[in-house]
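Undergrad: Here it is: the structure, laid out below.
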Amino acid sequence: MDNYEIFVSMLGSTVRLSIPLIFTALAGLFSERAGIFDIGLEGKMLASAFAAACVAYATGNAWLGLLAGIGISILFGLIHGFASITNRGNQIVSGVALNFVAAGLTVVLGQAWFSQGGRTPQVPNGARFDPIILPGAEAMRHVPIIGPLYSQVISGNNILTYIAFLMVPLSWWVLYRTRFGLRLRAVGENPGAVDTAGISVTWLRYRALIVAGFLCGFSGAYLAIAQSAAFINNMSAGKGYIALAALIFAKWKPVPVMFACLLFGFLDAFANFMQGKQLPLVGEVPVQIFQALPYILTCVLLAGFIGVARPPKAGGVPYTKER
Amino acid sequence: MSTASVPLPGWISYGVIPLINLVIAFFFSGLVVWLIGENPFEALKYLIDGALGRGDAIGFTLFYATSFIFTGLSVAVAFHAGLFNIGAEGQAYVGGLGAALVALALDRYVPWYVTMPFAVIGAAVFGAAWAFIPAWLQAKRGSHIVITTIMFNFIGAALMVYLLVHVLIVPGKMAPETRTFLPGGQLPKLDWLMAIFGLKLGPAPFNVSFIIALVMCFLVWLLIWRTRFGYEMRTLGISPSAAVYAGIPYVRTVIIAMLISGGLAGMMSLNAVMGASARLQVEFVGGAGFVGIAVSLMGRSHPVGIILAALLFGILYQGGGDLSFEMPNITRDMIVVIQGLVILFAGALEYMLRPVMVRIYQQFAGRKSASQKLAGT
């Protein structure tokens, strides 16, 4: 294989590995910009993956699976809201709790329903999001340079991949060009001012969590019924936290979020590629370095060595109207 | 008038409300058991029987509880300073490296009671070191400690796997673990303590680190409520701005509180590495760091509460194994669900019942004062 082909195939897997990160990080973007910390992204992702796999298996319809994933994810978001908005509980504690509930419940229910050690049965072919071959992909294949790029990276992805990349400008538009977005950003910076303007802080934050749940549902469905064809025990495997890291790395802005996710997806793809290979001078690079790199980069960023990451000012603080 | 500002007596806020929250968490856990078609009461019977029915079962329960006391204390100390340390898992993992290095260095030459103090220090220093960078980032750079400790859990896991696979592994062996420590690097079992109560320990790894854990509980109580630094920590936890205004150094207090927290988490490894398996293994922490969060929340960050909560989770962990054996439909992961529900109801929703309790309390208190008035006239 020549270098260009390696490059193209790695680009392809970068895209595939970034999609769940993009959905999840955008979900985190909405809730954190509204002032609600969302440690529970991992749990939402896992729960929606499980729901999507179960429903897609039972109904044979991928779209119903996606819908179930979104529904469960929104439900988790609402519980998070009930605890941290309505009852003014600690947002981090609530998120941690939901992560545990999701991690445990998916396996317990999966085992009780399907008896396959927490896995769901293989989803039949028609019930998955299959790759879409864009027109002309076959014909383009042999065109130098752009040919492989078009046929392997741009074409041949499933519909959720294209939705993910559409969600990025859409999120930007919603956050920066609509009244809802302006208010949402305001409620994350200064909820008191929003309240004074006669807008309900509670309802606004709940809506932010619903949007977050909606987006996170896509990432779970992507894992379970697009990337693979079943729910596997703990299949999110820390991706929710990587997405959180990407969100911080991108300084809570939608377009940088996409690039941060692509970067972390690339690291993942590169680690897979490098496994067992020798580098000149250094020898074999341990795969653990690539696994740790997204977190190390985020910490370096947080330390203020690559610009300053300034979180939404009211993040993590429950809003209390005057007593 | 809002009910949030009405003071409640201690026995309601620290006794009745947490207890009701716990009951709600268990009610929902029972609901899950019932949903998957099993009898929740029967499940509870198996669980308690499996955790407390025999000598070795109690031994395992106390072994798990020991780990949870350490991690619970770790979370609690940070919590008193207003810091949420999610990194106990990673700090315990890296702390295991400290304990293992001491055990590997000394086990050939000295008996266990000479190794032990060094191992305690080693585990604590390594655990504290892993908490230092997040602490420094929080104190100096203002980056949120929750995020950085999560990141450090993953970095720590990657580091430990690398060390075990490439550096500490016994040459020629496949399993990524150190060599087995000689008796000089192991913490002996507490079978004599069990024998006092007429119980046989059997294969359960209940060991000396339990006593270390109890000593740490006392020391933490002393630190938090009887020292100047503890006072400064609690002040910082309640109001950082007031603490700074009163001249309490923010950076120093945050860093030292996190170092203590990380050290306590690191000591958890004494129990698992030197007490149970006598070698350092991949993933030996097994979620104990996260259980510490639940334990600390349930125990209201007080050492006595933490011991009780740790025992409860010890029962869940040991009994959960037996339960999944008796009822194959219920997997061990049911414990994780219960853990999550406990954190949800005892932690995140801790204020949910407060308004109701205030109303009930006011009614009772109001009636009492009214009857006193009547008696007076």
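Undergrad: Is there a simple number for the mean count of other chain Cβ atoms within 10 Å of the Cβ of residues in B:33-42, and what is it?
TA: On the way: counts 2, 0, 3, 5, 2, 1, 0, 0, 0, 0.
Taking the mean over all residues of the peptide, I get 1.
Undergrad: Roughly what angle does helix B:288-298 make with the longest principal axis of chain B, taking Cα atoms, 0 to 90 degrees, to the nearest 10?
TA: 20
Undergrad: On to the next question. Where a Cα-Cα gap under 24 Å defines reach, which lysines qualify for A:LYS313, not counting those fewer than 8 residues away within the same chain?
TA: Filter leaves A:LYS251, A:LYS253, A:LYS321, B:LYS140.
Undergrad: Then there is this: Under 13 Å from the Cβ of B:GLY247, count the other residues' Cβ atoms, weight Lys and Arg +1, Asp and Glu -1, and hand me the total.
TA: On the way: positive: B:ARG228, B:ARG252; negative: B:GLU232.
Computed value for this residue: +1.
Undergrad: A follow-up question, please. For a quick check, take a GNM of chain A with Cα springs below 10 Å and name the residue from A:ALA230, A:ALA212, A:ALA83 with the largest mean-square fluctuation.
TA: Comparing A:ALA230, A:ALA212, A:ALA83 in the GNM, the peak value goes to A:ALA83.
Undergrad: In what sequence, largest accessible area first, do A:SER9, A:SER219 appear using a 1.4 Å probe?
TA: Working: A:SER9 55, A:SER219 0 Å².
Correct descending sequence by accessible area is A:SER9, A:SER219.
Undergrad: Take the alpha-carbon centre of region A:100-167, take the same for region B:199-235, and report the distance between them in whole Å.
TA: 50
Undergrad: When Lys and Arg each count +1 and Asp and Glu each count -1, what net charge do the other residues less than 15 Å away from B:VAL32, Cβ to Cβ, add up to? Spell out each step's value before the answer.
TA: Details: positive: B:ARG332; negative: B:GLU38, B:GLU42, B:ASP333.
Cβ neighbours under 15 Å give a net charge of -2.
Undergrad: Here's another thing I want to ask about it. Quick one: angle between helix A:41-59 and the longest Cα principal axis of chain A, in degrees between 0 and 90, rounded to 10, please.
TA: 60
Undergrad: Could you give the C-alpha radius of gyration of the protein assembly as shown expressed as a fraction of 2.2 N^0.38 Å, taking N as the number of residues it contains? Spell out each step's value before the answer.
TA: Details: Rg = 26.2 Å, N = 700, 2.2 N^0.38 = 26.5 Å.
Computed over Cα atoms of the protein assembly as shown, the ratio equals 0.99.
Undergrad: Taking the simple approach of a point 7 Å from Cα along Cα-to-Cβ for both B:VAL114 and A:LEU64, what is their distance in nm?
TA: Between B:VAL114 and A:LEU64, the label points sit 7.2 nm apart.
Undergrad: Specify which residue in the list B:ILE335, B:MET194, B:THR149 is farthest towards the positive end of the charge dipole of the protein assembly as shown, using unit charges on the beta carbon of Lys, Arg (+1) and Asp, Glu (-1), about the Cα centre.
TA: Positive-end residue among those listed: B:THR149.
Undergrad: In region A:177-238, if every C-alpha pair distance is counted and binned at 10 Å from zero, what percent goes to each bin?
TA: Per 10 Å bin, starting at zero, the Cα-Cα P(r) for region A:177-238 comes out as 20, 34, 19, 21, 6 percent.
Undergrad: Which of rounded, prolate, oblate describes region B:1-138, given a ≥ b ≥ c as roots of the alpha-carbon gyration tensor eigenvalues and a/c under 1.5 marking rounded, otherwise prolate only if a/b is larger than b/c?
TA: Details: a/c = 2.56, a/b = 1.37, b/c = 1.87.
Oblate, because a/c is 1.5 or more while a/b does not exceed b/c.
Undergrad: Can I ask one more? For A:TYR176, what charge total do you get from the other residues with a beta carbon under 10 Å from its beta carbon, if Lys and Arg give +1 and Asp and Glu give -1? Mind showing how you got there, number by number?
TA: On the way: positive: A:ARG177, A:ARG185, A:LYS253; negative: none.
The answer is +3.
Undergrad: Could you work out the pair-distance distribution P(r) of region A:19-302 from its alpha-carbon pairs, with 5 angstrom bin width and percents rounded to whole numbers?
TA: 1, 6, 11, 15, 16, 16, 14, 10, 6, 3, 1, 1, 0
Undergrad: Further, regarding this structure: Skipping prolines and chain starts, which residues have an amide H placed within reach, meaning under 5 Å, of the one on B:ASN207, given they are 5 or more residues away or on another chain?
TA: Those qualifying (amide H under 5 Å, at least 5 residues apart or on another chain) are B:LEU190.
Undergrad: Leaving out ligands, DNA and RNA, calculate the buried accessible area for the pair B and A with a 1.4 Å probe, summed over both sides, in Å² to the nearest 100. Show your work: numbers first, answer last.
TA: On the way: alone 18090 and 14970 Å², together 29460 Å².
For chain B against chain A, roughly 3600 Å² becomes buried.
Undergrad: For A:HIS142, B:HIS166, B:HIS80, give me the order by solvent-accessible area with a 1.4 Å probe, most accessible first, ignoring ligands, DNA and RNA.
TA: Numbers: A:HIS142 155, B:HIS166 100, B:HIS80 35 Å².
Heavy-atom accessible area, descending, gives A:HIS142, B:HIS166, B:HIS80.
Undergrad: For region B:89-162 and region A:23-79, what is the separation of their Cα centres, given in Å?
TA: Using only Cα atoms, the two centres lie 35 Å from each other.
Undergrad: Something else about it: Give the accessible surface of the protein assembly as shown per residue, rounded to a whole number of Å², with probe radius 1.4 Å and ligands, DNA and RNA excluded.
TA: Details: 29460 Å² over 700 residues.
Value returned for the protein assembly as shown: 42 Å² of accessible area per residue.
Undergrad: For the Cα atoms of chain B, what angle does the longest principal axis make with the long axis of helix B:354-376, in degrees from 0 to 90, nearest 10?
TA: 50
Undergrad: Still on this structure: Enter the accessible area of A:ILE79 (Å², nearest 10), with the probe set to 1.4 Å and all protein chains included.
TA: Looks like 60 Å² after rounding.
Undergrad: Another question about this same structure. Hey, what did region B:136-195 get for relative contact order, percent, Cα under 8 Å, at least 6 apart?
TA: On the way: 25 pairs, mean separation 9.0, N = 60.
15 percent.
Undergrad: Moving on. Where the Cα atoms of chain B are projected onto their three principal axes, how long is each span, largest first, in whole Å?
TA: Reported extents, whole Å, longest axis first: 87, 56, 39.
Undergrad: Still on this structure, I have one more. Defining a contact as two alpha carbons under 8 Å apart and six or more residues distant in sequence, what relative contact order in percent does region B:60-317 show? Intermediate values should be presented prior to the final figure.
TA: Numbers: 531 pairs, mean separation 110.0, N = 258.
Taking the mean separation of contacting Cα pairs over the length of region B:60-317, I get 43 percent.
Undergrad: While we're on this one: Do any residues of region A:66-92 show a loss of at least 10 square angstrom of accessible area between the isolated chain and the full protein assembly, using a 1.4 Å probe, and if so which?
TA: Flagged in region A:66-92: A:ILE79, A:PHE82, A:ALA83, A:ASN87, A:ARG88, A:GLY89, A:ASN90, A:ILE92.
Undergrad: Here's a follow-up. Any chance you could look up the accessible area of B:VAL125 with a 1.4 Å probe, heavy atoms only, rounded to 10 Å²?
TA: About 80 Å², rounded to the nearest 10.
Undergrad: If you don't mind, another one. Just to be sure I understand the model, the point goes 7 Å from the Cα along the line to the Cβ. What's the resulting B:PHE26 to A:SER200 distance in nm?
TA: Distance between label points: 3.7 nm.
Undergrad: Could you work out, residue by residue across B:290-299, how many beta carbons of other chains sit within 10 Å of that residue's beta carbon, and then give the average as an integer? Walk me through the numbers before you get to the answer.
TA: On the way: counts 4, 1, 0, 5, 4, 0, 0, 4, 0, 0.
Partner-chain Cβ atoms within 10 Å, mean over residues of B:290-299: 2.
Undergrad: Using a 1.4 angstrom probe on protein heavy atoms only, which residues from region B:301-346 are buried by at least 20 Å² of accessible area when all chains are present rather than their own chain alone?
TA: Residues passing the criterion (a loss of at least 20 Å², heavy atoms only) are B:ASN329, B:THR331, B:ASP333, B:VAL336, B:VAL337, B:GLY340, B:ILE343, B:LEU344.
Undergrad: Could you compute the longest span of chain B free of trypsin sites (Lys or Arg not before Pro) located in DSSP loops and having at most 10 other Cβ atoms within 10 Å, not counting the site residues? Let's see the in-between values first.
TA: Working: sites that count: B:ARG108, B:LYS173.
Maximal segment without exposed cleavage sites: B:174-377.
Undergrad: I would also like to ask the following. What is the average number of partner chain Cβ atoms found within 10 Å of a Cβ in A:109-120? Walk me through the numbers on the way to the answer.
TA: Numbers: counts 6, 2, 9, 12, 3, 0, 2, 0, 1, 2, 0, 0.
Taking the mean over all residues of the peptide, I get 3.
Undergrad: May I ask you to derive the relative contact order of region A:122-267, considering only C-alpha pairs under 8 Å and at least 6 residues apart, and to give it as an integer percent?
TA: Values: 109 pairs, mean separation 32.4, N = 146.
Across region A:122-267, relative contact order equals 22 percent.
Undergrad: Given R₀ = 45 Å, FRET efficiency for B:LYS45-B:MET174 by Cβ-Cβ distance, to 0.05?
TA: Working: r = 41 Å, r/R0 = 0.92.
After rounding, the FRET efficiency stands at 0.60.
Undergrad: Work out from phi, with θ = phi - 60° and the Karplus expression 6.51 cos²θ - 1.76 cosθ + 1.60, the ³J(HN,Hα) of each residue of region A:291-304, listed in order in whole Hz, and give x for Gly and Pro.
TA: 5, 7, 4, x, 6, 5, 4, 5, 5, 4, 4, 5, 6, x
Undergrad: A further question follows. Set the Förster distance to 35 Å, then compute FRET efficiency between B:VAL356 and B:SER239 from the Cβ-Cβ distance, nearest 0.05. Show your work: numbers first, answer last.
TA: On the way: r = 28 Å, r/R0 = 0.79.
Efficiency computed from Cβ-Cβ geometry: 0.80.
Undergrad: Still on this structure: Any chance you could list the semi-axes, whole Å, largest first, of the equivalent ellipsoid that the Cα gyration tensor gives for region B:102-258, using √(5λ)?
TA: Details: eigenvalues 256, 121, 34 Å².
Each semi-axis is the square root of five times an eigenvalue, giving 36, 25, 13 Å.
Undergrad: Next question, about the same structure. Tell me the accessible surface of A:VAL153 in square angstrom (1.4 angstrom probe, heavy atoms of protein chains only), to the nearest ten.
TA: 20
Undergrad: Return the long-range amide H neighbours of A:ILE39 (sequence gap of 5 or more, or a different chain), with a cut-off of under 5 Å between placed amide H atoms.
TA: Long-range HN contacts for A:ILE39: A:GLY95.
Undergrad: Take A:ARG310 and B:VAL251, extend 7 Å from each Cα along the Cα→Cβ direction, and tell me the distance between the two endpoints in nm.
TA: 2.2
The values are calculated or read from the model by the stated rules, or taken from the named source; none is laboratory data. In this text the structure is predicted, and so the values were computed from the model without any measurement. So basically every Cβ, Gly included, is an ideal-geometry build from the backbone, and we count neighbours across all protein chains shown. Surface accessibility is based on the protein's heavy atoms, side chains included, excluding ligands, DNA and RNA. Shrake-Rupley method; radii C 1.70, N 1.55, O 1.52, S 1.80 Å.
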